[in-house]
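The structure under discussion appears below in the form of structure tokens.
Laboratory data are not the source of any read-out in this text; all were calculated from the coordinates shown. Everything numeric here is computed off the predicted structure, so don't read it as measured data. When we count neighbours, we look across all protein chains shown, and the Cβ atoms used for this are built from the backbone with ideal geometry, even at glycine.
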Amino acid sequence: MQTMQEKSFDDLVERFLGMRLPRQMANAVSLSELPPYAQGFTMRMLALMKRSGYSVTEFNPALIRWLSASIPSMLPDAWGGRIPPITLPNRHSKLDVYVSNRNMAVGNEPHIFVDMGCGFPPVTAADTARKFPDWQIYGVDRSFADFVLYDKDGHYACFDQKGVFQYFQALMNLSGRALYADPEATGKRFNKFFADLFPLLQDTDGTASETVEKDGNKLIHNHIRDFETDNLTFVKSDIAELKLPPAKVIRCMNVLLYFQPEIRKTMLLQAGELLDDDGILIAGTNGLGIQARYAVYQKGADGLFPSEFAFSLDNIGHIAFMPWLTICENDPEAILLADLAGTIRADRPFWPEFSSRIDELLQEHEICERRSDGFLHFQRDNMPPDEYLKINALLWRQIEDEGYLDRAAAILERAGYETWINSAGDIAVRPLANSLPIADECDELKC
Ligand SMILES: C[S@@+](CC[C@H](N)C(=O)[O-])C[C@H]1O[C@@H](n2cnc3c(N)ncnc32)[C@H](O)[C@@H]1O
């Protein structure tokens with residue numbers, strides 16, 4: 001029997017999706033050259049694709065690049081096993097809208113909002129603090145880097161107390177893409193800048209923020225202090241040990257996916273204990289504010305229960321990455337999303353019409369076109385990711401304006417799910433029993 005290493009990527013694509021890729025795409029992924037953790041990722045991705053009725057002809061060069069270049073540098077194994085503090089401004093704007101639409105009246109004391117596993121620099125917690133000036137926001141993470149180095153272009157790297165390089169995050173543009181192409185060289189580059197700048201700091205033992213600059217590069221010690229405001233406080237703590245006043249809202253995005261389902265359940269329970277009686281916990285995964293999947297758990301008289309599972313329609317577009325992003329086997333939210341997406345893809349005549357409309361819009365916006373081999377080909381080889389994201393946002397607005405969101409929701413309703421469009425504009429369903437780590441009737445959770 002062939003081992004996974006002996007099989008080509010294209011063999012696996014054929015095994016899972018029933019057809020081979022065009023040679024150029026297939027050859028762009030060398031399974032044996034991927035680190036083992038990225039090989040495991042590939043298997044999970046193909047299994048999810050199959051489960052969600054994904055057609056091999058939805059495969060495209062952007063997805064191939066993500067798999068071969070981005071994934072190996074995004075997973076914890078690429079960062080010495082550490083969960084990377086990846087975060088981005090406005091990543092959770094839609095969820096902030098969701099929370100504000102719940103209209104929780106403020107009483108004498110400000111409501112508490114916890115951004116659990118807020119990442120670093122904590123830009124999403126800062127966004128939320130600006131959006132809710134009357135609330136008290138806590139950004140919680142088990143680690144905040146001691147030093148942050150921004151290069152002259154705005155790409156940054158985090159260093160620990162001893163000046164050991166931990167992580168870098170590049171901007172979504174072409175120079176950023178180049179940094180990810182050679183992570184080792186990028187690490188050396190940031191180490192060199194650090195060595196140049198560190199001697200310029202005056203107080204390396206202090207707790208206040210201090211910034212030094214040279215040649216346009218900037219090193220900041222205790223950068224976390226720069227984000228503190230009257231309504232934003234940071235707490236360095238593991239979820240398991242966190243002690244805070246009862247929270248109306250806990251947002252735990254892009255954290256639980258790093259943990260096995262059983263551990264997630266424990267973490268959800270721990271977070272649930274920090275909730276106020278009528279509080280909510282939002283937990284899930286998303287990309288740059290796009291391709292979101294999340295569950296909303298509510299604390300009621302009988303304990304914590306999942307009141308909705310929601311996802312954005314762009315998860316079922318042709319150029320999608322996040323529905324395939326899992327770190328552990330049996331990711332419950334990714335599986336639930338795959339099942340819902342599969343139901344939508346199986347619907348005739350919806351799917352062929354929707355799929356053709358996406359093709360048309362991708363071509364109209366000069367992103368890519370479907371050629372005679374049946375696959376999408378990019379019109380420009382080097383479209384900067386930030387430019388693509390702007391066009392992508394327009395495209396999905398158009399798709400929604402044309403009524404596809406409501407039609408997709410109606411398909412799920414007909415399939416037996418209680419379905420609605422939630423106030424973030426995402427498709428929401430009432431989760432079926434046991435589809436999420438915490439089930440509706442989970443006895444342990446009853447008060
Ligand atoms: C990928 S970042 C996500 C950041 C942010 N929530 C976002 O969505 O942009 C995950 C963060 O979770 C933190 N984290 C992981 N496990 C944690 C735990 N048990 N307690 C507190 N923080 C944790 C990591 O340190 C990391 O900064």
Point to revise | Ranking of Trp135, Trp420 by count of other Cβ atoms within 10 Å, fewest first | key: Trp420, Trp135
Practice item. Tell me what the chain gives for mean residue ellipticity at 222 nm when only DSSP H runs of n ≥ 4 count, each as -39,500 (n - 2.57), the sum divided by the residue total, rounded to 500 deg cm²/dmol. Key: -10000 deg cm²/dmol
**Study point:** the chain - charge dipole about Cα centre, Lys and Arg +1 at Cβ, Asp and Glu -1, debye rounded to 20
**Key:** 740 debye
Practice item. From the C-alpha gyration tensor of the stretch 147-221, pull out the three semi-axes of the equivalent ellipsoid (sqrt of 5λ each), sorted largest to smallest, in whole Å. Key: 22, 12, 10
Review point. Expressed as a rounded percentage, what relative contact order does the chain have, with Cα pairs under 8 Å and six or more residues apart?
Key: 16 percent
Revision key, fill the gap. Under the Karplus relation with 6.51, -1.76 and 1.60 and θ = phi - 60°, whole-Hz ³J(HN,Hα) for the stretch 188-203, x at Gly and Pro, equal 4, 4, 5, 4, 5, 4, 4, 4, 5, 8, 3, x, 7, 5, 8, 9
Revision key, fill the gap. Contour minus Cα-Cα span, Arg102 to Arg20, at 0.36 nm per residue, comes to 24.8 nm
Exercise for review: In nm, give the distance between the simple-model label positions of Ser175 and Ala301, each being 7 Å from the Cα along the Cα-to-Cβ direction.
Suggested key: 6.0 nm
Check your understanding: When you take every Cα atom in the chain, what is the radius of gyration, and what is Dmax, the widest Cα pair distance, in Å?
Key -> 22.3, 68
**Study point:** Distance-filtered residues of the stretch 274-291 - backbone nitrogen under 18 Å, label point 7 angstrom along Thr233 Cα→Cβ
**Key:** 274-276
Practice item. Subtracting the Cα-Cα distance from 0.36 nm times the residue separation, let me have the gained length for Asp401 to Glu184 in nm, one decimal. Key: 73.7 nm
Revision key, fill the gap. Going through Lys218/Lys243; Lys192/Lys390; Lys192/Lys214; Lys218/Lys390 one by one, the pairs whose alpha carbons sit over 24 Å apart turn out to be Lys218/Lys243; Lys192/Lys390; Lys218/Lys390
Practice item. Provide the gained length on full extension for the span Ile421 to Glu33, in nm with one decimal, where the gain is 0.36 nm per separating residue minus the Cα-Cα distance. Key: 135.4 nm
**Study point:** the chain: antiparallel DSSP beta bridges as a percent of all, rounded to 5
**Key:** 70 percent
Exercise for review: Normalising by the residue count of the stretch 147-221, find the relative contact order in percent from Cα pairs under 8 Å and 6+ residues apart.
Suggested key: 32 percent
Point to revise | Listed peptides 137-150, 54-67 by packing density, highest first (mean Cβ within 10 Å) | key: 137-150, 54-67
**Study point:** Phi-based couplings in Hz for the stretch 58-65 (Karplus 6.51, -1.76, 1.60; Gly and Pro marked x)
**Key:** 7, 4, 8, x, 5, 5, 5, 5
